[in-house]
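Read-outs: derived from the displayed coordinates by stated rules, not from any lab. These figures come from a predicted structure and were not determined experimentally. Here Cβ is always computed from backbone atoms with ideal geometry, including for glycine, and neighbour counts include all displayed protein chains.
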Amino acid sequence: MPDAPKSGSAKSGPAKALEKLGLVRDVDLALHLPLRWEDETRLVPLAQARAGETVQVQGIVRECRIETRSRRQLVVHLQDGRDTLVLRFLHFYATQQKAWAAGVLLRVRGELREGFFGREMVHPSVRVVAEDTPLPQALTPVYPASAQLPQAYLRKAVASGLKRADLTELLPPADLPPGLPSLREALAYLHQPPVGAPVAALEQRRHPAWERIKFDELLAQQLSQAMARAERAHLRAPVMQARDDGLPQRLRTALPWALTPAQDRVVAEIVADLGREQPMHRLLQGDVGAGKTVVAALAAATAIDAGWQCALMAPTELLAEQHFRKLVQWLEPLGIVTAWLTGSRRGKARREQLAAVADGRATLVVGTQAMIQEGVDFARLGLAIVDEQHRFGVAQRLALRQARDGLEPHLLMMTATPIPRTLAMTYYADLDVSTIDALPPGRTPIVTKVFADNRRPEVLARIRDEVAAGKQVYWVCPLVAESETLDLKNATEAHAELSAAVPGAQVGLLHGRMAAADKATTMAAFSAGHTAVLVATTVIEVGVDVPNASLMVIEHAERFGLAQLHQLRGRVGRGAVASACVLLYTPPLADAGKARLRAMAETTDGFEIARRDLDIRGPGEFLGARQSGDALLRFADLAEDDALLQAARALAPRLLREQPDAARAHVARWLGTRSEFLKA
Ligand code: ADP
Ligand code: MG
């Protein structure tokens, strides 16, 4: 058996594999908990063992030889009293055949089967023992491992890590949820449950020992986020005082409608943040169509009114263009000078825009990531707004551009993918969240239908009706990940099909391979109502706003993610016209695909969709886009451990205040070197 790792020795294969699993410190090993347990504490007499059960039995080898009848295999005949058992090994070593010679006593563990030639076990675990070899006094842990890391090696490493790790109790016992053991007790129990421990409950992680671990994990996460927030509190940002008769007020007066109460509330929250000397770090969430753009415009107007520049960044050029047009339409009449920065704007035009941003003439700058990638120089950036950007890292980089005199710009992130409450509390505890929880009035709910692809003719007839009634239609083709060419082919074919099916109507085509200028022209033609049908790939996924569009057909809807379908559907139902969304699928459907389409048909509520998405995919994938997989909880389960989460949330700020050293030590214990990463 290999040796457990010695600290300081050169890294062997398994030692490197440990490091890869993040098992570097003793405490990392101590917190590497079993997935399941094997009960090797009992021997079952063969006479009492039943087929189908996993049991440990002991017997004397009567015969051990290689058979070649059907497939070459090592066959061992074992005798326990008057009963016999056959062991079969399809993979084996010559040394095993030698070691398991007749007369040797073997202790084997595996699933008992009723074979053709009597009772047998295939590939059981085997140990050569003596009559007096003691049975283990604890269940045997089975750890999450990797191919380069044998279970036996890992067991030794964990056991010695557990022995050496500093597991001093850091939390005041009175502050723990009642009935939980100490950390040391909990770990000892989980690594080595005593004989008779409730294995099923342990494997379902329902045991006080597990609760203690989960509580500590949740607490570490809450603490690290509170610490990040406290660090931010030392930063300074421009204080933007709102004036009574300033730009924001004039913008409100100029709007064709009044803000909804929900919009009013979030605007007030944002304006209050902008008036403070700590940088805002706020997430504005609102379902598609909730009206986030005007909130952004009012935030921008507040910043500009106070003498600062505002940058608005969108993930795609198309979206940036949409924002740009809308904001220009709203803000230029008020005398605000805007600049437009994207990758496709080059040469003299670009240089002029850059100069206007650098000397401060342009106070509102709209663009794509090109803004941060190419080092645009702002004269006095005071507010950064990032739309539909789930990779918050990018937002941070933008915000890190120093405003001036060591001041940090305020940061507002906007998303139409609402984060379920528990998730927000766990992963975004360092963000302030504003939610627009009601749509503007006058919207007619979208009706969603799920059709198999063979009902295409009906769908085409419906499109003709809509177009005849002066409405507009989106037809969305899926992305084929492997092949952009195939995407283009699909979209082109759909374009031909629709042009033929809706005679007399203009049918537009929008796809990712088009030049930005062509995309803009196509989009403008659709916005203006010149094209009745727009065939598009998912480039229209976010933010595009054409209120006269009343029908969206999504082809191969089963290939889209739930959040993406919801985003797409949000492109219709943006005005008062009754709207519909048809999800076409090609049978047969996998379970997850079925669940997604059902969710779409059953609800239009973005929060409900997000919740179901979380159910279908689990938080790991749900948050995948945030690219901080390491930040995910290893043991706690948000769906089940709400009470523990609440307790951790309650304790975190108090611990930080009253025992900051213990709080820091707790975070270091759990997150180690990863705590830095979590802040990003
Ligand atoms: P999203 O939150 O998806 O970005 P938008 O900001 O694009 O939504 O708004 C969707 C539509 O609703 C736009 O046409 C916008 O002009 C309109 N809108 C926004 N706020 C209101 C309001 N208070 N009353 C009426 N219409 C509104
Ligand atoms: Mg939007």
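Around the amide H of residue 448, modelled in the peptide plane, lie the amide H atoms of 581, all under 5 Å away and 5 or more residues distant in sequence or on another chain.
Sorted on the mean count of surrounding Cβ atoms within 10 Å across their residues, most packed first, peptides 519-529, 556-566 read 556-566, 519-529.
Here the relative contact order of the chain, from alpha carbon pairs under 8 Å that lie six or more residues apart, stands at 13 percent. Computed packing ranks the peptides 362-370, 493-501, 469-477 as 362-370, 469-477, 493-501, most packed first, by mean other Cβ atoms within 10 Å. Maximal additional length on extending the residue 69-residue 127 stretch stands at 18.2 nm, based on 0.36 nm per residue less the C-alpha distance.
Quote to one decimal, in nm, the extra length available between residue 117 and residue 200 on full extension: 0.36 nm per residue of separation minus the C-alpha distance between them. Result for the pair: 26.6 nm of gain on full extension. A cut-off of 5 Å between modelled amide H atoms, ignoring neighbours fewer than 5 places along the same chain, links residue 340 with 366.
Looking at the chain alone, DSSP beta bridges between its own residues are antiparallel in about 40 percent of cases.
For segment 185-199, putting each phi into the Karplus relation 6.51 cos²θ - 1.76 cosθ + 1.60 with θ = phi - 60° gives couplings of 4, 4, 5, 4, 5, 6, 6, 9, x, x, 3, x, 5, x, 4 Hz, in residue order, rounded to whole numbers and with x for Gly and Pro.
Label-to-label distance for residue 257 and residue 101 is 9.0 nm, based on points extended 7 Å past Cα in the beta-carbon direction. Proximity of backbone amide H atoms, modeled 1.01 Å from N, is registered between residue 475 and 534, 535, 536, 553 at under 5 Å, excluding neighbours fewer than 5 places apart on the same chain. Among 126, 95, 136, which residue has its Cα furthest toward the positive end of the charge dipole of segment 95-136, with +1 on Lys/Arg Cβ and -1 on Asp/Glu Cβ? The listed residue farthest towards the positive side: 95. Computed packing ranks the peptides 75-85, 306-316, 439-449 as 306-316, 75-85, 439-449, most packed first, by mean other Cβ atoms within 10 Å. Only the Cβ atoms of Lys and Arg (+1) and of Asp and Glu (-1) were treated as charged; on that basis the dipole of segment 85-171 about its Cα centre amounts to roughly 220 debye. Pairs with C-alpha atoms separated by more than 27 Å, drawn from the list 326/519; 16/156; 20/214; 326/449; 326/348; 348/519, are 326/449.
Once the Cβ-Cβ distance between residue 43 and residue 591 is put in as r, and R0 is 60 Å, what FRET efficiency do you end up with, to the nearest 0.05? After rounding, the FRET efficiency stands at 0.90. Among the chymotrypsin sites (Phe, Trp or Tyr not before Pro) in segment 44-97, those located in a DSSP loop and surrounded by at most 15 other Cβ atoms within 10 Å of their own Cβ are 93.
Rounded, prolate or oblate, given the Cα gyration tensor of segment 208-264, with a/c below 1.5 counting as rounded? Here segment 208-264 falls in the oblate category. For residue 329 and residue 607, what is the calculated FRET efficiency with R₀ set at 35 Å and r taken between the beta-carbons, to the nearest 0.05? Approximately 0.70, to the nearest 0.05. Applying the Karplus relation 6.51 cos²θ - 1.76 cosθ + 1.60 with θ = phi - 60° to segment 313-318 yields 3J(HN,Hα) values of 10, 10, x, 10, 5, 4 Hz, where x marks Gly and Pro. Here the Karplus curve 6.51 cos²θ - 1.76 cosθ + 1.60, taken at θ = phi - 60°, turns the phi angles of segment 519-534 into couplings of 4, 4, 4, 4, 5, 5, 5, 6, 4, 7, x, 5, 9, 8, 10, 10 Hz, with x standing for Gly and Pro. Computed from the C-beta positions of residue 447 and residue 53 and an R0 of 60 Å, the FRET efficiency is 0.65 to the nearest 0.05.
For segment 8-54, trypsin sites (Lys or Arg not before Pro) meeting the loop criterion (DSSP other than H, G, I, E, B) and having at most 16 other Cβ atoms within 10 Å: 11, 42, 50.
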